[in-house]
Amino acid sequence: MGGTVLILGGSGKIGRHAARAFAEAGWEVRRWTRGTDMVEAARGADVIVNGLNPRNYHNWADLIPKITAEVIAAARASGATVIVPGNVYVYGDQGGEWSETTPQRPVARKGRIRKEMEAAYRDAGVRTIILRAGNFIDPEGDDDMLKQVYLRAIRKGRLTAPGNPAVMQAYCYLPDWARAAVGLAERRAGLATFEDIPFAGHAFTLNELRGRLEAVLGRPVRIVGFPWLFFRLASPFWELARELSEMRYLFATPHTLSGRRLSALLRGFEATGIDEVVRAALPADLRPDEPVGAGGGKVIGRQLG
């Protein structure tokens, strides 16, 4: 189908993978330059991918509403459909399988900010797709949750657990999210003005991840605890420590994301096999040349419902 897509935050996790996926699907890809007129940049665009997000949770309360207002203005002027990478913060601490019908009851400040952001898109009446995902897995970067928290000491054979390692969590391999975004963009004419579409991705516990890592690395991996006490003590003067500590509840909340809505819209869409995802999540010098293990499959671990 193709068209023109404007990528916001082209050097970030979402932006890089989205730009590549849209280009490979035959779309004309534009990248917005920070500091320039977004409304002008969006003229003639069919889709806007909003990959803008303050790094390390910086000043969300002020910056996210400003970003949202700017994107809405660009979408109104151009008539473009906005694709936003939603997260799971809006659901709070009641575990289970979360879907587009799950009530949004955030228990943390950042969850409330994201809920208000989504409401702003819906209330503005611009065509919007919230493509909601769990923890990002970026095969090219080093600032996703998996690398910054779970795999922070993997070179020493340690997997860091910020919560109970038996708790199920949802994960999103970003190249897969980007492919799904392209598929939805190409079907946007048949969608509602505002769509909330969960991206199931993969779901696993840290215990299960350890087994996968041991198979890939060919050596034992030990699970160790996260230094929450240090983060709490550092919170008054370290923004990341303060913001991450606020989200501690999520690591104790067992959850998955429903794939039913996306499967109905993108029939035949397949997530990358879990062994390939685990290999890609490792530092480059630890990745074996070939996948190890059973591979394949959309999800490992039990689903919650």
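If you check S235 against the conditions, is it of a type in the set (S, T, Y), within 23 Å of G141 (Cα to Cα) and without any contact (Cβ under 8 Å) to a residue 40 or more places away in the chain? Walk me through it before giving the result.
Details: of a type in the set (S, T, Y): yes; within 23 Å of G141 (Cα to Cα): no; without any contact (Cβ under 8 Å) to a residue 40 or more places away in the chain: yes.
It is false that S235 is of a type in the set (S, T, Y), within 23 Å of G141 (Cα to Cα) and without any contact (Cβ under 8 Å) to a residue 40 or more places away in the chain.
Out of the helices (runs of 4 or more DSSP H) lying entirely within segment 235-275, which hold 3 or more residues that are hydrophobic (A, V, I, L, M, F, W, C)?
Details: elements: 239-246, 248-251, 260-265.
Filter on segment 235-275 gives 239-246, 260-265.
So which of A41, A61, A19 ends up being surrounded by fewer than 18 Cβ atoms within 10 Å (Cβ to Cβ) and assigned to a helix (DSSP H, G or I)? Spell out how you get there, then give the answer.
Working: A41 fails: surrounded by fewer than 18 Cβ atoms within 10 Å (Cβ to Cβ); A19 fails: surrounded by fewer than 18 Cβ atoms within 10 Å (Cβ to Cβ).
Exactly one of A41, A61, A19 is surrounded by fewer than 18 Cβ atoms within 10 Å (Cβ to Cβ) and assigned to a helix (DSSP H, G or I), namely A61.
Whenever a residue of segment 263-290 is closer than 17 Å to G218 by Cβ and at pLDDT 90 or above, its partners that are small (G, A, S) and in a helix (DSSP H, G or I), lying with C-beta atoms within less than 9 angstrom and at least six residues away or across chains, give the pairs D275/A215; V278/A215. If you filter segment 191-210 down to residues that are under 14 Å from V277 (Cβ atoms) and among the small types (G, A, S), you find that the one that is most open to solvent (accessible area, probe 1.4 Å) is A200.
Per-residue answers, yes or no, for (1) on the phi > 0 side of the Ramachandran plot; (2) out of contact with any strand residue (DSSP E or B) (no Cβ under 9 Å at 6 or more places or on another chain); (3) not β-branched (V, I, T):
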| position | (1), (2), (3) |
| --- | --- |
| A178 | no, no, yes |
| G183 | no, yes, yes |
| F194 | no, no, yes |
| I223 | no, no, no |
| L233 | no, yes, yes |
| A264 | no, yes, yes |
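When residues in segment 34-51 are screened for being modelled with pLDDT of 95 or more and over 23 Å from A189 (Cα atoms), 4 of them pass.
Please indicate, with yes or no, whether at least one residue in segment 170-178 is open to solvent by less than 10 Å² (accessible area, probe 1.4 Å), in contact with a Leu (Cβ under 8 Å, 6 or more places away or on another chain) and over 15 Å from I130 (Cα atoms). Yes, that holds for at least one residue. Screening P106 against (1) over 24 Å from V5 (Cα atoms); (2) in contact (Cβ under 8 Å) with a residue 24 or more places away in the chain; (3) open to solvent by 20 Å² or more (accessible area, probe 1.4 Å) leaves a single unmet condition, (2).
Residues that are loosely packed, with under 15 Cβ neighbours inside 10 Å and more than 26 Å from E97 (Cβ to Cβ) are absent from segment 181-188.
The values are calculated or read from the model by the stated rules, or taken from the named source; none is laboratory data. As the structure is a computational prediction, the values presented were derived from the model and not from experiment. So basically every Cβ, Gly included, is an ideal-geometry build from the backbone, and we count neighbours across all protein chains shown. Ligands, DNA and RNA are excluded from the accessible area calculation, which covers all protein heavy atoms including side chains. Shrake-Rupley method; radii C 1.70, N 1.55, O 1.52, S 1.80 Å.
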